[in-house]
Amino acid sequence: MKKINLNPLTLSPKTPIPDVSHELILYVEGLSVSFDGFKAINDLNLYIKQGELRCLIGANGAGKTTLMDIITGKTKPDVGNVYFGQNINLLERTEPEIAQLGIGRKFQKPTVFEAHTVLDNLEMSLKANKGIWHGLFARLTSEQRDRMAHVLAQIGLTQQADMLAGALSHGQKQWLEIGMLLVSDPQLLLIDEPVAGMTAQETEHTAALLNSLAGERTVIVVEHDMEFVRSIARTVTVLHQGTVLAEGTMDQIQKNKDVIEVYLGEPA
Ligand code: ATP
């Protein structure tokens, strides 16, 4: 099989590369943010290793979305540090700059272009992330085409490449959107509730997809479906009132008294 060299295609010579020589790709330290006096994030620390697949759980309002918003530059914290690798201070970057650095975010609701084909969606995403919308109809290089084929296979939509995205099932739209992130070769993916509304079979496929990405990329998944979390998680972080309540394997988390009290409830 032809080996695909993913990095040089999307990184412009000016794009800094995160220094992961200490194995960590994301450092979040002493982070706090208040909205009208309410502390949505409260002295939060989070360290993510390169290649990790980390699950983030917590009740509604625990601060998961706000944390994602801060990592991706949508919200600026009151205090704290957020570094991509040891060297890139994300708090000094804008939202588009953070995307260009290789941090991709997928929101809960799929936002594919329904009137375009699956392949066109991938192509548009590739070009948009590179900031070349004006060149939307510019021809792709053969390497870019190879990359799109590789991503199509990865998300399991090779057969659907020429279908309109609007005709895909809900699950397929979610995978397409993950593919739209993958064509830009992100190093860190933040994925919000990927299996909400999916069938059992689609959920299984999503678990396999996320498992296949780990190692090659770093993935943070926010999810409420505990069965799904169990199927993908190595390490689970539980947020509560804007801070880390517990962290560990799924077994450790499910036995943790504090977590049972505030989030999981007693087993039936
Ligand atoms: P969910 O599982 O429901 O998505 P969450 O863990 O993602 O919850 P956040 O959305 O981060 O929680 O919200 C944390 C708290 O901060 C909530 O009480 C929310 O109402 C509040 N909050 C978040 N963003 C803002 C904002 N821009 N202005 C005011 N309050 C906000």
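Remarks
- Computed [θ] at 222 nm, deg cm²/dmol, the chain (DSSP H ≥ 4; -39,500 (n - 2.57); rounded to nearest 500): -9000 deg cm²/dmol
- Taking each of 109/257; 173/257; 74/127 in turn, the alpha-carbon distance tops 29 angstrom for 109/257; 173/257.
- In this structure the chain gives 48 Å² per residue of accessible area when probed at 1.4 Å with all protein chains present.
- Scalar couplings 3J(HN,Hα) for the stretch 172-178, obtained by applying the Karplus form with A = 6.51, B = -1.76, C = 1.60 to θ = phi - 60°, are 4, 5, 5, 5, 4, 5, 5 Hz; x denotes Gly and Pro.
- Using C-alpha pairs below 8 Å separated by at least 6 residues, the relative contact order for the chain is 26 percent.
- Across the stretch 99-114, computed HN-Hα scalar couplings (Karplus, 6.51 cos²θ - 1.76 cosθ + 1.60, θ = phi - 60°) run 4, 5, 5, x, 10, x, 10, 10, 7, 4, 7, x, 10, 8, 8, 5 Hz from first to last residue, x flagging Gly and Pro.
- Relative to the longest principal axis of the Cα atoms of the chain, helix 118-129 runs at roughly 70 degrees.
- For residue 221, distant residues with modelled amide H under 5 Å away: 54, 55, 56, 191
- Each peptide in 181-189, 168-176 receives the mean, over its residues, of other Cβ atoms within 10 Å, and ordering these scores from highest gives 181-189, 168-176.
- Taking 0.36 nm per residue of separation and subtracting the current Cα-Cα distance, fully stretching the chain between residue 142 and residue 261 would add 37.4 nm.
- Per residue, the Cα convex hull of the stretch 24-264 amounts to 129 Å³.
- Virtual paramagnetic centre 7 Å along Cα→Cβ of residue 108, amide N under 12 Å, in the stretch 204-231: 222-225
- At full extension, residue 196 and residue 163 could sit 9.5 nm farther apart than now, given 0.36 nm per residue minus the alpha carbon distance.
- Cα long-axis angle, helix 200-213 against the chain (0 to 90 degrees, to the nearest 10): 80
The values are calculated or read from the model by the stated rules, or taken from the named source; none is laboratory data. Since the structure is predicted, the reported quantities are computational estimates derived from the model, not experimental observations. Counting neighbours? That spans all protein chains shown, and the Cβs are built from the backbone with ideal geometry, glycine included. Areas reflect the complete protein model, heavy atoms only, side chains present, ligands, DNA and RNA absent. Shrake-Rupley method; radii C 1.70, N 1.55, O 1.52, S 1.80 Å.
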